[in-house]
Structure formats: C-alpha cells, structure tokens
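The values are calculated or read from the model by the stated rules, or taken from the named source; none is laboratory data. Computed from a predicted structure; not experimentally measured. Cβ coordinates were reconstructed from backbone atoms using ideal geometry, including for glycine residues, and neighbour counts include every protein chain displayed.
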Amino acid sequence: MSLTSEWHKSSYSGNSQQACVEVWGTPIAALVRDTQNRRAGHLAFSIPEWSAFIVSVKRDEI
C-alpha cells in the first residue's frame, strides 16, 4: 500500500462521480470514505487488513 498525504479517489472509480471511494494511507491504517457522503465519516482498516483486501480484490476473490 502506498501512503498518501491526503485523500485520493480510487483509480477504479474512473472519471464518473458515481460510486466513488477515497482512500488516505497512514503509517498504521488505511482510511476509506464515500466521495459523495464525506460527512458520514470514514472506515479505518489496519495495514494487514487493507493489504489482504487489496490482494483479494486483485485475485477477483471478492
């Protein structure tokens, strides 16, 4: 996982504003939020959890 200094939109979201998520990588967690509903807050995943999720997505397991 690459760490970022700010929120960035998922590359899988494409150019549309529909169904977008944003991610902020920190040294201890990946924070994820809905682009269209930022006020709702974010979900926090530990680095191992986030890495396992990314691996599963890339393998088309989920």
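Considering only the range 3-14, I want to know if a residue exists there that is among the charged types (D, E, K, R), at pLDDT 90 or above, exposed (fewer than 11 other Cβ atoms within 10 Å of the Cβ) and part of a loop (DSSP other than H, G, I, E, B).
no
Name the residue that is surrounded by the most Cβ atoms within 10 Å (Cβ to Cβ), counting only residues in the range 15-32 that are at pLDDT below 90, under 21 Å from Lys58 (Cα atoms) and more than 9 Å from the chain's Cα centre (by Cα).
Cys20
Being on the phi > 0 side of the Ramachandran plot and either in contact (Cβ under 8 Å) with a residue 60 or more places away in the chain or small (Gly, Ala, Ser) (or both) is the filter here; which residues of the range 40-62 pass it?
Listed by number, the list holds a single entry, Gly41.
Determine whether the range 33-53 contains at least one residue that is at pLDDT below 90, among the β-branched types (Val, Ile, Thr), in a strand (DSSP E or B) and surrounded by 10 or more Cβ atoms within 10 Å (Cβ to Cβ).
No, every residue in the range 33-53 fails to be at pLDDT below 90, among the β-branched types (Val, Ile, Thr), in a strand (DSSP E or B) and surrounded by 10 or more Cβ atoms within 10 Å (Cβ to Cβ).
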